[in-house]
Structures are given as structure tokens and as C-alpha cells.
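Encoded as C-alpha cells, the structure appears first; notes follow it.
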Amino acid sequence: MPETYRLWPQAPSSETDWLTELCGDGTTGFEPPRRPDAVWVLHAMYEHESGPGGLSHHELRQAALAAGAIEPARLGNIDLECGTATGGGLGRAEHPGPAYRRLRWAELSARCGDPTVPEGKYPSLRCFPSVRPDDSWPVGIEPPTEGSLDRPTWDRLVDVLAAHSTEGPSTRVLAY
């Protein structure tokens with residue numbers, strides 16, 4: 001077990017019984033009823049200093065496959081190249097390198113005219129349809145991942161929660 005997780009005692013599954021009663025099945029997470037003080041924590045996106053560019057992640061992947069520069073993705077004898085390479089990933093977002101800067105969702109929304117998150121939808125790499133006309137992001141943008149928050153976002157979230165919690169940083173928190 002990684003050292004970081006040893007600092008966090010594992011809670012019994014009964015700790016989330018109240019969430020199951022309130023929201024239903026929590027297999028992949030819980031969505032409590034909307035509240036006036038609710039807020040989404042949006043995953044990080046990054047943009048290359050030269051901008052989004054004219055090529056999408058899918059077009060770049062298809063060109064690399066055609067040139068033989070990369071092998072097709074397969075799982076056993078299942079061809080995984082039948083979909084669209086969006087450019088997005090799973091797990092924790094990481095800063096892609098020194099030529100990239102953090103791209104705020106609101107900044108991209110103002111630039112392209114799409115809503116930050118369309119009404120009735122959840123924030124995800126499927127937002128901003130005008131930026132990704134073929135369902136793939138431009139190669140100059142590393143879209144938000146689906147999964148864990150990156151460290152700077154996590155640290156900021158902890159600071160905000162501590163500032164607004166009755167016991168400050170000593171407030172007991174359940175992470176699911």
C-alpha cells in the first residue's frame with residue numbers, strides 16, 4: 001500500500017449507508033440532491049503554449065498508425081482502434097510538461113462560446129463540443145481526465161473545505 005494511504009484509516013462500508021439511503025446506489029459515486037451551496041470541482045485541463053493547433057488527438061493517432069510509428073491497441077484479439085481517440089485519460093491528471101499551462105474551464109468557455117457545462121449534463125471531457133467537432137480534443141489541449149483530482153486541485157479543495165468547516169483542518173472528512 002502506498003505510504004500516502006497509510007495516513008488515512010479505512011472506514012467501514014456502513015459509513016456511507018446514509019448516502020445510499022439519500023441517493024440510491026453508490027457503486028461509482030453518489031449524487032446527493034442539489035443544494036444551494038453545492039459546487040462541482042472541475043478536473044484540470046492544460047494547453048500547450050502554441051495553442052490548440054489544427055490537428056485532433058484522433059487524427060494524430062490515425063496518422064501514427066498509418067505510418068507504422070505505433071502499434072494498434074488490442075486487448076487479446078479485440079481491436080481497440082474502432083473508437084475515437086479523444087485525448088482524455090483515466091486517473092489522476094498530471095501536468096504534461098513545461099510548455100503547458102493550466103487551462104480554466106471558464107476561459108475555454110469564454111473563448112469558444114460553449115457553456116462551461118451544458119444544462120442538465122455533468123462536467124466531463126465531453127463538454128465543449130465546438131472545440132472537439134469529431135469528439136476528439138485538439139492536440140494542443142490535454143483535456144480533463146476521468147478519475148482522481150490532480151494534486152494542485154486537491155490541495156485547493158482541502159484549503160477551501162478547511163476554511164469553511166466548523167473545526168477547520170481538524171474536521172473529520174469521509175472521502176469516497
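The values are calculated or read from the model by the stated rules, or taken from the named source; none is laboratory data. All values reported here derive from a predicted model rather than from experimental measurement. Counting neighbours? That spans all protein chains shown, and the Cβs are built from the backbone with ideal geometry, glycine included. All accessible areas refer to the heavy atoms of the entire protein, side chains included, with ligands and DNA or RNA removed. Shrake-Rupley method; radii C 1.70, N 1.55, O 1.52, S 1.80 Å.
If you wrap segment 46-128's Cα atoms in a convex hull and average its projection over all directions, what's the area in nm²? Before the final figure, lay out each step's value.
Values: hull surface 30.2 nm².
Seen from a random direction, the Cα hull of segment 46-128 projects 7.5 nm² on average.
To the nearest 500 deg cm²/dmol, what mean residue ellipticity at 222 nm is calculated for the chain from DSSP H runs of n ≥ 4 alone, each contributing -39,500 (n - 2.57), summed and divided by the residues? Display every interim value, and only then the final one.
Numbers: 5 runs with 43 residues, N = 176.
After summing the helix terms and dividing by residue count, I get -7000 deg cm²/dmol.
Between helix 151-164 and the chain, what is the angle of the helix's C-alpha long axis to the longest principal axis, kept within 0 to 90° and rounded to the nearest 10?
That works out to roughly 30 degrees.
For the chain, what does the equivalent ellipsoid look like in terms of its semi-axes, each the square root of 5 times an eigenvalue of the Cα gyration tensor, given largest first in whole Å? Could the numbers behind the result be given before it?
Working: eigenvalues 226, 88, 63 Å².
Semi-axes (√(5λ), whole Å): 34, 21, 18.
Enter the mean projected area of the convex hull around the alpha-carbon atoms of segment 19-82, in nm², rounded to one decimal. Walk me through the numbers before you get to the answer.
Values: hull surface 36.0 nm².
Reported value for the Cα convex hull: 9.0 nm².
Semi-axes of segment 87-146's equivalent ellipsoid from the Cα gyration tensor, sqrt of 5 times each eigenvalue, largest first, rounded to whole Å?
Details: eigenvalues 69, 36, 26 Å².
For segment 87-146, the ellipsoid semi-axes come out as 19, 13, 11 Å.
Could you check which residue among 76, 68, 87 shows the biggest mean-square fluctuation in a GNM of the chain with a 10 Å Cα cutoff?
Top of the fluctuation ranking is 76.
Return the FRET efficiency for the residue pair residue 50, residue 80: r is the Cβ-Cβ distance, R0 is 35 Å, and the value is rounded to the nearest 0.05.
Working: r = 30 Å, r/R0 = 0.84.
Between residue 50 and residue 80 the formula returns 0.75.
Would you please give the FRET efficiency between residue 65 and residue 102, computed as 1/(1 + (r/R0)^6) with r the Cβ-Cβ distance and R0 = 22 Å, to the nearest 0.05? Mind showing how you got there, number by number?
Numbers: r = 31 Å, r/R0 = 1.39.
It comes out at approximately 0.10.
What does the convex hull of the Cα atoms of segment 125-176 come to per residue, in Å³, rounded to a whole number? Present the calculation step by step, with values, prior to reporting the outcome.
Working: hull volume 5.7 nm³, N = 52.
That works out to 111 Å³ per residue.
Just to be sure I understand the model, the point goes 7 Å from the Cα along the line to the Cβ. What's the resulting residue 161 to residue 15 distance in nm?
Spacing of the two 7 Å Cα→Cβ label points: 1.1 nm.
Carbon and sulfur atoms: what percent of the 1.4 Å accessible area of segment 65-133 do they account for?
Details: 2570 of 4600 Å².
Within segment 65-133, the accessible surface is 56 percent carbon and sulfur.
Using Cα springs under 10 Å in a Gaussian network model of the chain, which residue among 92, 102, 74 shows the largest mean-square fluctuation?
Looking only at 92, 102, 74, the biggest GNM fluctuation is shown by 74.
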